[in-house]
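This report refers to the structure that appears directly beneath it.
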């Protein structure tokens, strides 16, 4: 039985992966796509029975080592200027986002003041409508009272006229009784 040597992953492999994912400039995008392509080809290269093709398995190891060496070379090729450019780009993006945030905050305060003004206006309108409603109720109550008083006045004049008529009739009856008693 053939002994298998364990796969050695360079210690800086994870840092390469992180760098490739973190930065989105053109060079790191290409490196990331290459890395993903290599990863996909690694998955498809070992698709058969491992025991049936021992030579194919070792060749996949050599291809893998070649790819890892190419990735290490890409890491060595990156210069500090790229990182400086990426840092400056990130700072510029942060400044842009900060200015957008400030603009949004200013717009929010403007909208809040407008909302407060509208709310105060609605409160005043509500208060006015409440006052108008109470004035309407008072007016209706006064109108009802006036109509009731007018009705009472009509009844009072009728009663006065009835009272006067009864007095006149009473006087006439008294005269008739006094003539009859003579």
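The values are calculated or read from the model by the stated rules, or taken from the named source; none is laboratory data. Note that this is a predicted model, so its numbers are computed, not measured. In this analysis, Cβ positions are derived from the backbone assuming ideal geometry, glycine residues included, and neighbour counts consider all displayed protein chains.
The table below gives the values:
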read-out: Lone qualifier among 81, 100 - being at pLDDT below 90 and in a helix (DSSP H, G or I); value: 81
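Rundown of residues vs (1) at pLDDT 60 or above; (2) at positive phi; (3) surrounded by 13 or more Cβ atoms within 10 Å (Cβ to Cβ), yes/no style:
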residue	(1), (2), (3)
29	no, no, no
33	no, no, no
38	yes, no, yes
87	yes, no, no
95	yes, no, no
111	yes, no, no
118	yes, no, no
133	yes, no, no
